[in-house]
1. Would you please name the chymotrypsin sites (Phe, Trp or Tyr not before Pro) within the range 207-272 that are DSSP coil residues with at most 16 other C-beta atoms within 10 Å of their C-beta?
2. Apply the a/c threshold of 1.5 to the C-alpha gyration tensor of the range 186-239 and tell me whether it is rounded, prolate or oblate.
3. Just to verify a number: FRET efficiency for N276 and D225, C-beta to C-beta distance, R0 = 51 Å, to 0.05?
4. What are the ³J(HN,Hα) values, in whole Hz, obtained from phi via the Karplus relation 6.51 cos²θ - 1.76 cosθ + 1.60 with θ = phi - 60°, for each residue of the range 218-235 in sequence order, with x given for Gly and Pro?
5. So which of K88/K275; K88/K257; K257/K319 end up more than 32 Å apart by C-alpha?
6. Suppose R0 equals 45 Å. What FRET efficiency, 1/(1 + (r/R0)^6) with r the Cβ-Cβ distance, do K319 and A174 give to the nearest 0.05?
7. Near Q110, within a Cβ-to-Cβ distance under 11 Å, what is the net charge of the other residues, with Lys and Arg +1 and Asp and Glu -1?
8. Where does each of 68-77, 109-118 land if you order them by average Cβ count within 10 Å, highest first?
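Just so it is clear, none of the values below were taken in a lab; they were calculated from the coordinates. Given the structure is predicted, the values throughout are model-derived calculations rather than measurements. A quick note on method: Cβ atoms are made from the backbone with ideal geometry, for glycine too, and the neighbour counts reach across all protein chains shown.
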Amino acid sequence: MTSPGTSSTASNSNGTAAKLSITLARVLLLLTLSFTLPSCDQNTQDTSAEKPNKTASITLIEPALAEALTHYQYAQTHSLHTTLACVKALSTNFDRFLATPTQPLLNENQLALQHCLDLYIPVHTLIKSDSNQVLRALTAPLTTSIYSTPILPGYVDYLLQYPNSGIVNDITLALSEQSLRGQQGLTDNGEVSIGFEVIAFILMGEQRYNQSLAPRPAIDFKEPDASRRRQYLTITVSLLQQDLAALQTVLEDAMTKTQQRVQQNSQQTALQTTKNILNTMLVNIEQQSFDSLSMGYWELLKYSTPQSGTSEFSNEPRKVATLATYLKWPQEPHDLPREAFTAQPQTTPQNLQ
């Protein structure tokens with residue numbers, strides 16, 4: 001199966017992803033050392049001098065790290081907002097395409113859909129791996145509806161070997177939002193009926209997973225024979241918008257409830273949270289080596305809310321603490337050579353002690 005990001009800047013993907021993986025691995029090692037070294041020091045001390053009832057002191061979170069983690073929370077909701085705006089624009093383009101189905105318009109919409117998916121995948125992987133189990137329970141139904149892979153393509157539409165397969169060709173199933181949600185995972189996890197990947201297969205056909213095959217022809221969307229495919233596409237895009245908006249609301253509500261807790265966290269807890277974030281990024285970059293994922297993670301790490309970039313009493317810019325700045329990562333990756341973009345400066349260990 002073709003990775004979701006293979007249509008975007010594939011020529012630069014391996015280099016960027018590999019280098020960003022090395023960077024994240026170094027950061028994770030430094031974080032691990034920051035936790036393990038103090039305990040090693042304690043083990044070498046004379047235990048006879050220890051007081052049995054002494055309570056360990058708790059170091060409150062460093063303000064810069066608290067601010068950085070807060071910006072990271074905002075980054076996720078901002079990413080969903082951007083994705084939702086992209087899908088809304090895509091829906092308008094679909095309407096134009098369905099009014100006059102042509103191959104150039106179909107190709108244009110395929111690329112536009114991939115762009116929206118590239119915006120979403122980074123935050124999707126992080127939400128699914130969030131350490132907050134309560135939050136994961138709330139977001140799981142939505143993330144599953146928005147993007148599930150792998151899918152059984154023949155469950156959605158025809159295959160070359162099975163020209164009458166799929167929901168599109170099952171005239172016994174009335175097409176509606178309710179019926180399509182009901183078909184999701186009906187008897188198997190691969191029976192995916194809604195979400196990004198379903199829309200991608202409807203638009204691209206089997207070429208989505210095998211580039212050697214011919215592209216889906218625009219005639220597949222012309223009336224009257226394609227009425228069910230057209231209807232399916234329209235409903236699925238509407239459901240995708242609903243689920244993205246709902247996921248954004250869930251994250252915003254959770255963020256409101258946890259912002260005060262971030263300020264009250266210990267430094268060790270905050271560092272562990274940062275470690276979990278970077279570890280999730282590293283794992284996904286190793287599994288999926290396409291450039292859009294690496295750059296998407298970078299955008300989340302360096303994001304700050306617009307109002308935080310100016311002073312309260314003047315228009316002078318102030319230094320904003322993001323996870324990227326806290327870890328001493330380069331701030332203008334597009335203006336730097338790749339080595340500078342992905343390399344971890346030597347000052348980073350000082351911020352992780």
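1. Values: sites: Y209, F221, Y232; in loops: Y209.
For chymotrypsin sites (Phe, Trp or Tyr not before Pro) across the range 207-272 that sit outside H, G, I, E and B with at most 16 neighbouring Cβ atoms in 10 Å, the list reads Y209.
2. Working: a/c = 2.08, a/b = 1.09, b/c = 1.91.
Oblate, since a/c reaches 1.5 and b/c is not below a/b.
3. On the way: r = 51 Å, r/R0 = 0.99.
Given R0 = 51 Å and the Cβ-Cβ separation, E is 0.50.
4. Taking θ as phi minus 60°, the curve returns 4, 5, 5, 10, 8, 6, x, 5, 9, 4, 6, 5, 5, 5, 4, 4, 4, 5 Hz for the range 218-235.
5. Details: K88/K275 35 Å; K88/K257 29 Å; K257/K319 26 Å.
Over 32 Å apart, Cα to Cα: K88/K275.
6. Details: r = 58 Å, r/R0 = 1.28.
Efficiency, from the Cβ-Cβ distance: 0.20.
7. On the way: positive: R208, R216; negative: E108.
Residues close to Q110 contribute a combined charge of +1.
8. Numbers: 68-77: 21.5, 109-118: 19.8.
So the peptides 68-77, 109-118, ranked by packing, come out 68-77, 109-118.
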